1. Among all the lysines, which ones have a C-alpha under 21 Å from Lys71's C-alpha, if same-chain residues fewer than 8 places away are not counted?
2. Can you list the GluC sites (Glu not before Pro) in region 307-368 that are in a DSSP coil and have 16 or fewer other beta carbons within 10 angstrom?
3. For region 139-187, report the translational diffusion coefficient in µm²/s to the nearest whole number, using Stokes-Einstein at 20 °C, 1.002 mPa s, and a Kirkwood Rh over Cα pairs.
4. Give me the mean projected area, in nm² to one decimal, of the convex hull enclosing the Cα positions of region 352-433.
5. Name the lysines eligible as straight-distance cross-link partners of Lys136: C-alpha to C-alpha under 25 Å, and not fewer than 8 places from it in the same chain.
6. How far apart, in nm, are the 7 Å Cα→Cβ label points at Asp292 and Gln431?
7. If you filter region 230-323 for trypsin sites (Lys or Arg not before Pro), then keep DSSP loop positions with at most 10 other Cβ within 10 Å, what is left?
8. Report the rotationally averaged projected area of the chain based on its alpha-carbon convex hull, in square nanometres.
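Every number here is computed from the coordinates shown, using simple stated rules; none is lab data. Since this is a predicted model, take the numbers as computed values, not measurements. Here the Cβ positions follow ideal geometry from the backbone for every residue, glycine too, while neighbour counts run over all protein chains shown.
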Amino acid sequence: MEYANNHKFELIVKQGEQTLVSPAEETQKGLYLLSNLDQNIAVIVRTIYCFKAEEKGNERAVEVIKDALSKVLVHYFPLAGRLTISSQGKLIVDCTGEGAVFVEAEANCTIKEIGDNTKPDPVTLGKLVYDIPGAKNILEIPPLAAQVTKFKCGGFVLGLCMNHCMFDGLGAMEFVNSWGETARGLPLSVPPFLDRTILKARNPPKIENPHHEFAEIDDISNTSNLYEEEIHYRSFCFDPEKLEQLKAKAMEDRVLHKCTTFEALSAFVWRARTQALRMKPDQETKLLFAVDGRSRFEPPIPEGYFGNGIVLTNSLCSAGELVHNPLSFAVRLVQEAVNMVTDSYMRSAIDYFEVTRARPSLAATLLITTWSRLSFHTTDFGWGEPLLSGPVALPEKEVILFLSHGKERKSINVLLGLPASSMKMFQEFMQIM
């Protein structure tokens, strides 16, 4: 695979021995329930936060961050436990209190020498995140591992390896920001709400909605060889002006009365990617994306909910319909998928997972995950906000990530991977705007 960094510089990171950081106080022991919304997304997410040096330097970074982790784990004690399987065959946390994994490391260069670290690069950026040696599955990987890497410039990078089953993007953001508040001696602005039983399945389960995001695409003959080529990864920046032009384009035929940035950008990227992959007109193509259901529950689930409050929804049509219709056609499909997520839909999804553990098919599918509304950039351990924060890699080749960008966070970076020939075409479609 070809990633963003093409320069010959090699980052060398010397890692120290791993240690365990336990909660600073005695915490609850025993089994901790994970909801049905947590079960199907037990994947490892690796992120980095780069902090500049300024006058403060990085001499105390390890001590401060490690000490704050011990204190914040008192509130987030399940992160100090270990994943196991319940008698019902579900993932569950054994709250042993043994602690999160912590590693101190040193790099052979300055942060600037890494190059453009705004794009996924598991080879280089992966050295800034600690992976458990010899782990064969997620049960052998603690829910949280942290690595603090000090650079010669006086800056440092916090690399996190976290299991998605513990929380979604909003929950992870609240945890990391709480960690930063603890490091600065502040009380938690959003204490975690730990009780996941509020999202338990009904008895008996009631599947009220057709969860067609789980439907298989029968004919994949037109897409099965798309990824035989080497995957190239790129980042495309949409500044505020370009995003406004995109929304105007979506509404120019007056079919739509309103349109959000997410709806316009998702529809545009889905359409451009379908064209770039040269799907046949009769080939079905699916767009999957997560919707935050916190406010859609009746009543809304409590602020600070520690867990996954998201559910997948989707849009489905033929490649021909998507490509040959105006942009408003695709935007309306996205809007319909968003509007479908109600309290009934969310509870039906919870019940669905109780009946079957099916995962959505990714055949002929684009899965968009958006971090553009998550304030990871506000994380402050006492060294100010990070120069940048983001993922080490995209989890699957079918995934596209939206990240906020720029000083005012009004631009959006679109990160994706495509075969080389398709990427060239995709870049051309990006020039249409």
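1. Lys29
2. none
3. Roughly 172 µm²/s, to the nearest whole number.
4. The directionally averaged projection comes out at 8.7 nm².
5. Lys136 reaches Lys14, Lys90, Lys127, Lys397.
6. 3.7
7. Answer in residue order: Arg254, Lys258.
8. 21.3
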